[in-house]
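A short write-up of the structure that comes next.
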Amino acid sequence: MIDAISGAIAGLRTAVDMTKVAVDTRDAIKIGEAKSALIERLLDVQNACLALQESNAALAQDKHLLAQEKRELEAQIVQMRDQANRLAQYERMHTPAGSIVFVDKTTKGSPDGAVYACASCMDEGKVSTLQPIFRGNQLTCPVHGTFGLNTEPQRGPMGMLFPKK
Ligand SMILES: [Zn+2]
């Protein structure tokens, strides 16, 4: 692109030189020819500049799109890092009833009870907290159903015995 402009400007310089020679000789025909050549070379320069302008506009558009893609990729990286941090908070375990679940390491041994997450959801890269049901003897995922937690029935608040599973 720059080469085209340089070439057009070199052509214009030659035409200017020819014009000077023609003017020096005071030859009306040569001056007329030089004038035409000068106009043609000026048009060449103008066309080369227009082409450069178009090329610059295309580059600016590309730059804009790349900047947008960069922002989107950066946002994805942040999201994936957050996800990885969340997943790192859990570890896989077998419940006493034999189900495979994930447990939030920070809640293990908590007096409020551990918080569990669904292993099948984890495989899909999602963290789904399992809700305790049947007095905490089972855990349930809204997508993957129910998992056994404890094998022994637990005593309810009224001293009632809840059946296992
Ligand atoms: Zn699930």
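Only residues that are surrounded by 12 or more Cβ atoms within 10 Å (Cβ to Cβ) and part of a helix (DSSP H, G or I) were counted in segment 26-36, giving 5. Within segment 108-130, residues that are touching a residue at least 40 places away in the same chain (Cβ under 8 Å) reach partners that are outside any loop (DSSP other than H, G, I, E, B) and within 12 Å of the ligand (Cβ to nearest atom) with beta carbons closer than 6 Å, at six or more positions or on different chains, in the pairs Val127/Ala117. Among Lys63, Lys108, which is over 25 Å from Cys141 (Cβ atoms) and of a type in the set (D, E, K, R)? Matching residue, one of Lys63, Lys108: Lys63.
Laboratory data are not the source of any read-out in this text; all were calculated from the coordinates shown. Since this is a predicted model, take the numbers as computed values, not measurements. All Cβ positions, even for glycine, are placed from backbone atoms using ideal geometry, and neighbour counts span all protein chains on display.
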